[in-house]
Amino acid sequence: MSERKAHMPSDVTGKVGVFDRFATAASRFFSKPGFFVFCLAVVVVWAPSFLILPNVDTWQLIINTTTTIITFLMVALLQNTQTRADKAIQDKLNAIADALADLSDDHAEGEKEAEAAIGVEERESA
């Protein structure tokens with residue numbers, strides 16, 4: 001059985017896909033105060049529409065459908081960004097553990113101690 005070497009930050013290419021770039025830009029946008037103000041404005045505009053719409057069910061359906069669609073799309077985009085960030089952190093931790101093991105006088109023993117102390121993952125979770 002071959003030993004699997006941990007994925008390191010130096011193994012990562014600088015290429016980022018179109019969807020990843022879009023998800024990153026969306027994440028930045030969603031985390032700004034302007035987006036919160038936009039959401040607040042939507043609620044402020046929606047609330048008095050109760051007086052215009054003849055049916056309470058229609059009134060509730062409008063805000064529920066709108067917020068559900070926006071939330072559904074945001075979760076997909078933000079999960080992409082979070083997953084990539086988690087993977088980058090794991091790669092950096094693996095690199096630190098590997099460097100600590102290399103600093104040890106006895107590499108084999110030092111690597112085992114570093115893996116036990118820091119927890120280099122044999123497999124990264126997907």
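The values are calculated or read from the model by the stated rules, or taken from the named source; none is laboratory data. Since the structure is predicted, the reported quantities are computational estimates derived from the model, not experimental observations. Positions of Cβ are generated from backbone atoms using ideal geometry, with glycine treated the same way; all protein chains shown enter the neighbour counts.
Structural remarks
- Scanning segment 33-57 for residues that are surrounded by fewer than 11 Cβ atoms within 10 Å (Cβ to Cβ) and either of a type in the set (Ser, Thr, Tyr) or under 19 Å from Leu77 (Cβ atoms) (or both) returns Pro33, Gly34.
- Every test in (1) within 30 Å of Glu115 (Cβ to Cβ); (2) at pLDDT below 85 is passed by Ala85 save one, and that test is (2).
- Of all residues in segment 1-60, those satisfying the criterion of being at pLDDT below 85, within 21 Å of Ile89 (Cα to Cα) and assigned to a helix (DSSP H, G or I) are Pro9, Ser10, Asp11.
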